[in-house]
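Here's the structure, in structure tokens; my notes come after.
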Amino acid sequence: MKHLIIGGVRSGKSRYAECLASLSSKPVLYLATAEPIDAEMQARIAHHQAHRPSTWPTIEAPLKLEPILLNPNYQQHLILIDCMTLWLNNWLYYLSLEYKGLETIVLSESEYVNNSFQQVKSDFLGALKNTQADVVLVSNEVGFSITPENALARQFCDQQGWLNQAIAEQCEQVSAVMAGLPLLLKGKV
């Protein structure tokens, strides 16, 4: 079973994902994609750590999720990934830095990052499709606001929307969470 949970910032999506995971009869493995890059993010991470069971092993996985999804040791687990939005952000940032390190390139930065991320996304979606583990994925819905003014923010919003759609296509269930209330968008209760 694969279940995508989308919602806005502080909508309750992580809490809902953790509630679903705690109801599973399978052992839970928590994949955390956040990186503690500043004090505010460190506080967010601490908040999440304090609110999930200490019995759940956590793997910090800011970039490479595929080896964990396909690891034979975790095929009987429920893997909770929180969150795909930070994973996307990490990759776009990493690829942008990689681009800046290149001496000659024909493509613009945005074309390079977009083309490179398509392979990363394809690899992830392949692992998601092929894992035998149950997977609960948390992701932000960023498309409810106005189109951002700058190109980088527009690229991020586009990539997030396309990533959410691709994940939702593979999931048996998709829920949206608003104000702490889950709404089933796809699947059966």
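Among residues belonging to the stretch 33-43 that are open to solvent by 70 Å² or more (accessible area, probe 1.4 Å) and under 19 Å from the mean Cα position of the chain (by Cα), point out the one that is farthest from PHE124 (Cα to Cα). So, considering only residues that are open to solvent by 70 Å² or more (accessible area, probe 1.4 Å) and under 19 Å from the mean Cα position of the chain (by Cα), the one farthest from PHE124 (Cα to Cα) is GLN42. Within the stretch 7-31, residues that are farther than 18 Å from ALA133 by Cα sit with their Cβ atoms under 9 Å from residues that are open to solvent by 30 Å² or more (accessible area, probe 1.4 Å) and part of a helix (DSSP H, G or I), at 6+ positions apart or across chains, in these pairs: GLY7/TYR16; SER14/HIS48. If you filter the stretch 44-90 down to residues that are of a type in the set (S, T, N, Q), without any contact (Cβ under 8 Å) to a residue 60 or more places away in the chain and open to solvent by 50 Å² or more (accessible area, probe 1.4 Å), you find that the one that is farthest from SER24 (Cα to Cα) is GLN49. Listed by position, the helices (runs of 4 or more DSSP H) inside the stretch 2-85 whose residues that are more than 20 Å from VAL142 (Cα to Cα), acidic (Asp, Glu) and modelled with pLDDT of 95 or more number at least 1 are 13-23, 66-69.
Mind telling me which of the residues GLN173, GLN132 ends up being farther than 18 Å from SER14 by Cα and either open to solvent by less than 70 Å² (accessible area, probe 1.4 Å) or not aliphatic (A, V, I, L, M) (or both)? Criteria check complete, one pass: GLN132. Among the residues making up the stretch 135-157, none is loosely packed, with under 12 Cβ neighbours inside 10 Å and modelled with pLDDT of 95 or more. Does ALA179 count as among the small types (Gly, Ala, Ser) and open to solvent by 90 Å² or more (accessible area, probe 1.4 Å)? Yes, satisfied. Residues that are free of Cβ contacts under 8 Å to residues at least 12 places away in the same chain and within 19 Å of MET84 (Cβ to Cβ) within the stretch 32-41 comprise PRO36, ILE37, MET41, listed in sequence order.
Of all residue pairs spaced 6 or more apart or on separate chains, those with beta-carbon atoms under 8 Å, a first member in the stretch 151-174 that is farther than 17 Å from GLY126 by Cα and in contact (Cβ under 8 Å) with a residue 24 or more places away in the chain and a second member that is open to solvent by less than 10 Å² (accessible area, probe 1.4 Å) and not in a helix (DSSP H, G or I) are GLN160/SER139; GLN173/HIS3; GLN173/LEU4; VAL174/HIS3; VAL174/LEU4; VAL174/ILE5.
The values are calculated or read from the model by the stated rules, or taken from the named source; none is laboratory data. All values reported here derive from a predicted model rather than from experimental measurement. Please note: Cβ atoms are built from the backbone with ideal geometry, for glycine as well, and neighbour counts cover all protein chains shown. Only protein heavy atoms, including side chains, enter the accessible area calculation; ligands, DNA and RNA are left aside. Shrake-Rupley method; radii C 1.70, N 1.55, O 1.52, S 1.80 Å.
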